[in-house]
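The values are calculated or read from the model by the stated rules, or taken from the named source; none is laboratory data. Computed from a prediction, not measured in an experiment: that's the story for all the values here. With ideal geometry, Cβ positions are generated from the backbone for all residues, glycine too; neighbour counts draw on all protein chains shown.
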Amino acid sequence: MVLVALSELPVPSVNLNRLAAGLGWEISRMSHQISRMDEAGLVKKTKNLEDSRCFDVSITAKGRKIAEAAIPLQSKEINHCFSEVLTQAQMKALIEISEAISTHMKEHHPLNKKVEK
C-alpha cells in the first residue's frame, strides 16, 4: 500500500504525517513502517526542510521496481474478484463509479493537497 501510494504521487516526496493521513494509518504505525522500508532500501526518509521535527518520504528505484512488479499480480487478483464474477453491465457501472471516485480522490485526497502555512 505504501509503495503504491508513493509511486502514484505527482510529487517526488510527501510528508510522513500526510502519507499516514492519506492511507488512514496512525502516525506511529506509519513511522515504524517507513523506518523498516528505509532500512530495506525501498523508500528514503529525509528531514523536512521547513520543519525539522518532520520527515518527508520518497520511493527509491528499488521500491518503484517492486511496486511495478506487483501490477501483474494485482491485475490477476482484480480479474479473479471482478471480471470473472460480474456481468458486462455490472462491470461498466463499476468502471463509471470507480472513475468518479478516482477523479474525486485526485482533486481532494489529503496527499495531493498543498499545506497552507
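Here are the numbers for this structure:
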item	result
Qualifying residue in the stretch 41-58 (condition: surrounded by 17 or more Cβ atoms within 10 Å (Cβ to Cβ), within 12 Å of the chain's Cα centre (by Cα) and over 19 Å from I71 (Cα atoms))	yes
Yes/no for K106 being within 17 Å of A5 (Cβ to Cβ), assigned to a helix (DSSP H, G or I) and over 15 Å from the mean Cα position of the chain (by Cα)	no
Yes/no for S75 being under 22 Å from V2 (Cβ atoms) and loosely packed, with under 12 Cβ neighbours inside 10 Å	yes
Residues (among the hydroxyl-bearing types (S, T, Y) and either surrounded by 12 or more Cβ atoms within 10 Å (Cβ to Cβ) or under 18 Å from T60 (Cβ atoms) (or both)) located in the stretch 2-34	S7, S13, S31
Where V85 falls short, out of the listed (1) surrounded by fewer than 10 Cβ atoms within 10 Å (Cβ to Cβ); (2) not in a helix (DSSP H, G or I)	(1)
Residues of the stretch 30-70 satisfying the condition of being closer than 13 Å to N17 by Cα and of a type in the set (A, V, I, L, M, F, W, C)	M30, I34, C54, F55, V57
E68, sole failed condition from (1) surrounded by 14 or more Cβ atoms within 10 Å (Cβ to Cβ); (2) closer than 24 Å to K106 by Cα	(1)
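Residues checked against (1) of a type in the set (D, E); (2) touching a strand residue (DSSP E or B) at 6+ places or on another chain (Cβ under 6 Å); (3) at pLDDT 90 or above:
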{"site": "M30", "(1), (2), (3)": "no, no, yes"}
{"site": "E39", "(1), (2), (3)": "yes, no, yes"}
{"site": "T60", "(1), (2), (3)": "no, yes, yes"}
{"site": "P72", "(1), (2), (3)": "no, no, no"}
